[in-house]
Structure formats: structure tokens, C-alpha cells
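Encoded as C-alpha cells, the structure appears first; notes follow it.
The values are calculated or read from the model by the stated rules, or taken from the named source; none is laboratory data. Just so it is clear, the structure is predicted and the values come from calculations on it, not from any experiment. We place every Cβ from the backbone using ideal geometry, glycine too, and count neighbours over all the protein chains shown.
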């Protein structure tokens with residue numbers, strides 16, 4: 001088994017960079033607050049532009065909002081008229097007294113009708129806006145999912161899977177909630193401010209000016225607090241991603257944590273990250289939460305000034321009591337949307353912070369463009385490396401000026417110390433990474449000029465670390481060929497010695513596996529992946545340490561299955577156990593990214609070079625005793 005210090009390029013299939021570079025890259029990108037982010041308004045505009053496909057429905061929502069707000073704005077004026085009717089009826093006019101209840105009832109019924117109609121329109125607006133937001137988030141999730149499949153593996157390597165998962169799930173969910181909670185409220189609040197301002201100017205320009213005086217103070221207060229909370233929200237969601245990454249890492253390697261007694265260390269790391277998340281979250285919520293009380297204080301000052309000046313004007317006879325009552329209601333309606341807008345700022349800031357993290361993924365440079373598909377003859381399987389150079393880090397060359405040829409139907413074994421570049425070599429064949437120099441050809445065609453889908457459809461891989469998804473055994477075998485018939489699936493299962501253990505399971509081929517393959521052993525999982533490769537029937541086969549973690553009996557079965565699988569195929573076999581590759585047509589010995597020896601098993605032992613030393617390190621018998 002490899003240790004943590006032996007993880008240069010022989011790690012998990014999803015981690016193709018050398019271990020030290022991978023850890024350094026991840027540490028530099030995960031768990032740190034975003035130092036440089038997009039401008040708030042630019043991010044918000046981009047978020048709104050996501051709704052472009054729903055523009056007609058958004059226009060309808062805006063129209064309903066305008067009508068609904070207009071009806072609400074008219075309400076205080078009508079109620080003010082009702083107050084005048086009541087007040088006039090209680091005051092002697094032309095020697096008569098009494099309230100005109102008929103006129104009062106009609107006025108009150110009109111006000112009630114306006115409020116009910118406004119409610120219906122507001123409800124319809126909210127319903128439609130919910131559909132707009134959810135469809136937009138549906139599209140955004142699909143875009144992010146599609147983007148991830150287009151990203152180079154170097155990006156995936158440099159980011160924690162937990163952090164990426166957090167961006168795809170937590171951050172998008174937070175955007176959805178933020179838009180749902182704030183968008184409707186902001187639209188209504190802005191329209192209410194405009195409508196109420198018009199009505200206040202119509203009632204009393206002097207009192208309207210008094211009300212407007214507090215607006216700059218409100219906006220200044222809101223902006224200052226919003227700027228302080230923005231970075232806190234960015235840090236909050238960054239630390240959330242880091243915490244998800246830590247939890248994902250810990251749960252995936254739970255057995256290792258228990259084995260080495262590192263629970264306390266994990267708890268300390270969790271506590272440290274959790275503390276950072278707490279501090280960022282507390283700061284974000286406290287600062288943004290302070291906006292609403294500050295705005296309420298400014299609104300109360302506004303109310304006090306209007307009440308005093310309005311009372312003076314009523315006493316002087318320059319305004320009626322009903323007009324002052326209506327104006328006081330309007331002043332409340334004027335400050336209330338400002339307060340509501342302020343209270344929505346924490347939600348909006350949080351949503352924009354999440355949007356920046358999602359947009360960062362969407363803006364990442366994708367893999368090079370796919371070549372145009374050109375009909376070609378069936379692939380024969382001749383693979384040639386021509387002066388290939390490659391490095392994960394420009395400052396640390398890994399493979400330099402490498403050339404080799406694998407003829408169709410031959411088996412090429414690749415051996416060498418950990419970190420020599422063995423797995424990197426086969427990753428280059430798959431075009432998981434682009435070359436720094438030279439080229440690789442398949443039947444004479446430069447693979448960089450081939451569509452990746454065409455190239456990879458001719459290649460099958462069986463890796464050291466097996467991967468099974470949640471589904472039945474039948475579905476896992478058929479993963480590489482969904483159109484396979486039941487007979488083809490069972491034929492592949494028999495060829496890979498899967499059929500014999502499947503029949504011992506209660507549900508047979510319908511046995512449900514989780515993504516860790518919990519219903520079967522490690523060796524049985526490996527046989528399942530070999531059956532999957534059998535069924536795909538690739539022209540080129542890559543076997544990467546497929547027997548490194550299984551028992552001797554299972555290894556014999558796997559070796560038999562792989563011999564059958566390699567038949568009539570060009571095969572690249574990465575192996576540490578030299579006994580498993582004696583029958584290879586060519587054995588390549590790699591050191592520091594270079595091929596230092598190549599030949600058959602017997603030829604390399606006879607030359608007493610690097611291969612001979614590797615062989616001696618594994619077998620204590622005489623070097624000449626090769627049988």
C-alpha cells in the first residue's frame with residue numbers, strides 16, 4: 001500500500017497531479033476568503049441577466065407590481081377622505097350636524113376593494129416570480145454541471161471536491177433563496193417609494209421635502225454597512241466550502257483516521273475551520289442586521305418631524321386633518337420600503353457572494369476546443385509517443401523528450417519507482433492533460449486533433465482505485481455500454497469471473513451497490529470494473545495497478561481475466577508487482593519521466609540494469625532464477 005508520502009502520480013484516479021503539488025494547490029484555493037471579487041453591481045446585473053429567457057414573464061410581474069403598488073398608494077388618500085367625511089359630520093356645517101354614513105360606507109368599501117385587489121395582484125406576482133427564479137436556478141445548475149464536464153482536470157485537481165460540491169449545491173441554493181426573498185421585495189419597495197413620493201408632493205410639497213431630507217442619510221447608512229458586510233459574506237461562503245471539503249475528506253477516509261488515531265487532529269482542524277466560519281457568519285449577519293434598526297431610527301426621526309410640522313399646519317388651517325392623517329400614513333409607507341430594502345441587503349449580499357463563487361466556476365477556462373469529427377477507418381491500436389514533454393508545474397519538468405511505439409495487439413508494461421511518471425504517461429494517452437511538447441499519435445493521427453469522445457471511445461481503463469456508482473451490479477457493468485443486452489452483460493461477467501460471486505448474492509445482478517460498493521469486497525469490485533471494460537470492448541486497454549489491494553486468490557482470478565481482456569488489444573499495464581507483467585511484449589522502465597530501459601523480461605534481467613535492481617528488491621532468490 002502506498003503511504004501519504006508516496007503520492008506523486010499514483011494516487012486516486014481523480015487526482016492526477018503529483019501529491020505535493022496537489023496538496024499545495026488545494027491549500028492555496030480552498031478555505032481562504034476571496035480577496036478579489038467582482039464589483040457588487042456587476043455581479044448583481046449578471047445575476048439578473050440570467051433571467052433573460054423569462055423576460056416577458058418578468059415584464060408581466062413588473063406590471064402587476066406597478067398596479068398593486070398603485071392601489072396600495074391610493075389607499076391612504078381614500079382613508080384620509082373618509083376621515084374628512086367623519087370630521088365634517090361631527091362639525092357644524094350650515095346649522096346641520098351628522099355624519100354622511102352613505103358616503104362614508106362607499107369610501108370605506110372602495111378602500112377595502114383596493115386593498116383586496118392589491119393583495120390578489122401581489123399574490124399573483126409572487127407566484128409568477130417564484131417560477132421565474134426556480135427555472136433560472138434550474139438552468140444555472142445545468143450550466144454549472146455542463147461546465148464541470150468541460151473543465152480541465154488540473155482545475156478539479158486544485159480544488160477540494162467538497163468545495164466544488166458546495167458551489168454546485170449550497171451556493172446555488174443560497175442564490176435561489178436570496179432572489180426569491182429579495183427580488184419581489186425590492187421591486188415592490190422601489191415602486192412604493194416612487195408612488196408614495198408622488199402622492200406626498202401632491203398633498204404637501206413642504207412636508208414632502210421634510211420626508212426626503214432623511215433619504216440621503218438612509219442611503220449613506222445603508223451603503224456603509226453593506227460595504228462592511230460584503231467581504232464577511234464572501235468569507236462566510238468560502239469557509240462553508242472549506243468545511244464541506246474537510247468533512248468530505250474525513251468521512252471518505254474515516255477508517256484511516258480511526259486506524260492512526262487522528263480523531264483529535266481532525267476535530268481540531270474542524271474546530272478551527274468552524275470557528276472561522278462562525279466569525280465570518282457572525283460578522284456578516286451582525287453588520288447586515290444592523291441596517292434595519294439604523295433605518296428604523298432614521299424613519300422615526302422622519303415621522304417625528306412630519307407630525308410636528310403637520311400639527312402646526314392643521315392648527316394654522318393651511319391643511320385639513322384628513323390630509324395630515326394621509327400624509328403621516330404616506331410617511332410610514334415611504335420609510336417602510338427603505339427599511340425593508342435595508343433588511344433585504346443581508347440576504348442580497350449573501351446571494352451575490354454565492355453568485356461570485358458560482359460565476360468563478362463558469363468563468364474558468366475550459367479544455368481546448370474539440371476537433372471536428374472526421375470519418376476514419378476502424379482504429380487498429382498503434383500508439384506512438386514522439387518527443388513528448390510534459391509537466392504539471394513549468395518549474396518542475398516531469399516527462400522530457402520521450403519517444404516510444406506500441407504496436408497493435410501488443411502489451412506494453414510500465415514499471416519504475418513511485419513518481420517516475422507511469423500514470424502520467426497513460427493520462428496523456430487519454431488526453432486528460434495537454435502536452436507541453438511533441439505529439440502522441442493513434443494509427444498515425446495526432447490525438448490532439450481528434451475529438452476527445454472519439455479518442456476515449458477506443459480506450460478502456462481499469463484503475464487501482466475502483467469506482468462504482470449507486471445502482472445495481474447490472475447497471476455498473478453496463479456503464480460503458482448502456483445499450484448492452486442481458487446476454488452481453490452476462491458474457492462479460494463470466495469472462496471477468498463476476499458471475500460466480502453474483503449468484504451467491506440474494507438479488508443477483510439486481511443487487512444494489514452504493515458508491516463505495518459496500519455490498520461486495522475490494523477484489524470483487526475490481527472484477528466488476530474489469531467486466532465493465534470487457535463489455536466496452538475497447539481497442540486500447542489501460543491497466544493501472546489493478547491487483548495492488550486484493551488477496552492472492554482474487555489476484556489469480558484478476559490476472560486470468562486481464563490476460564483474456566488484453567487479447568488482441570493494445571495494452572498498457574502499470575505494475576509494481578513485476579511477477580504480473582512477465583509475459584508483456586515490451587517492458588518500459590521509467591525514472592524521472594524518462595524511459596531508461598526497455599525490452600522483454602528476460603532481456604532486461606540479463607542486462608542487469610534498473611529493471612534488474614527492481615526485480616532484486618522484490619525477490620530474494622538469485623537473479624538468474626527467473627522461473
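Filtering segment 169-196 to residues that are more than 30 Å from residue 60 (Cβ to Cβ) and free of Cβ contacts under 8 Å to residues at least 60 places away in the same chain leaves only 169.
Against the test of being modelled with pLDDT under 85, under 26 Å from residue 406 (Cα atoms) and in a helix (DSSP H, G or I), the options 565, 543 yield a single qualifying residue, 565. Taken over segment 158-171, the criterion of being within 13 Å of residue 351 (Cα to Cα) and surrounded by 21 or more Cβ atoms within 10 Å (Cβ to Cβ) is satisfied by 167, 171. Looking at this structure, is residue 449 surrounded by fewer than 17 Cβ atoms within 10 Å (Cβ to Cβ) and at pLDDT 85 or above? When the stated conditions are applied, residue 449 passes them. Taking the criterion of being out of contact with any strand residue (DSSP E or B) (no Cβ under 7 Å at 6 or more places or on another chain) and either surrounded by fewer than 15 Cβ atoms within 10 Å (Cβ to Cβ) or outside the structural domain of residue 595 (by TED's automatic domain parsing) (or both), the residues of segment 386-411 that qualify are 393, 394, 395, 396, 407.
Which is in a helix (DSSP H, G or I), modelled with pLDDT of 85 or more and under 27 Å from residue 567 (Cβ atoms), of 602, 597? Can you show your working first?
Values: 597 fails: in a helix (DSSP H, G or I).
So the residue among 602, 597 that is in a helix (DSSP H, G or I), modelled with pLDDT of 85 or more and under 27 Å from residue 567 (Cβ atoms) is 602.
Looking only at segment 421-432, decide whether some residue is more than 24 Å from the chain's Cα centre (by Cα), surrounded by fewer than 19 Cβ atoms within 10 Å (Cβ to Cβ) and under 17 Å from residue 154 (Cβ atoms). Looking through segment 421-432, at least one residue is more than 24 Å from the chain's Cα centre (by Cα), surrounded by fewer than 19 Cβ atoms within 10 Å (Cβ to Cβ) and under 17 Å from residue 154 (Cβ atoms). Taking the conditions (1) assigned to a helix (DSSP H, G or I); (2) closer than 30 Å to residue 140 by Cβ; (3) at pLDDT 70 or above in turn, residue 343 satisfies each one other than (3). You will find that of 117, 140, 164, the residue that is in contact with a helix residue (DSSP H, G or I) (Cβ under 8 Å, 6 or more places away or on another chain), in contact (Cβ under 8 Å) with a residue 12 or more places away in the chain and closer than 19 Å to residue 65 by Cβ is 117 and no other. Screening 444, 437 for residues that are closer than 16 Å to residue 593 by Cβ and assigned by TED's automatic domain parsing to the domain that holds residue 616 leaves exactly one candidate, 437.
Residues that are in contact with a helix residue (DSSP H, G or I) (Cβ under 8 Å, 6 or more places away or on another chain) and part of a loop (DSSP other than H, G, I, E, B) within segment 420-451 comprise 430, 431, 432, 433, 434, 435, listed in sequence order.
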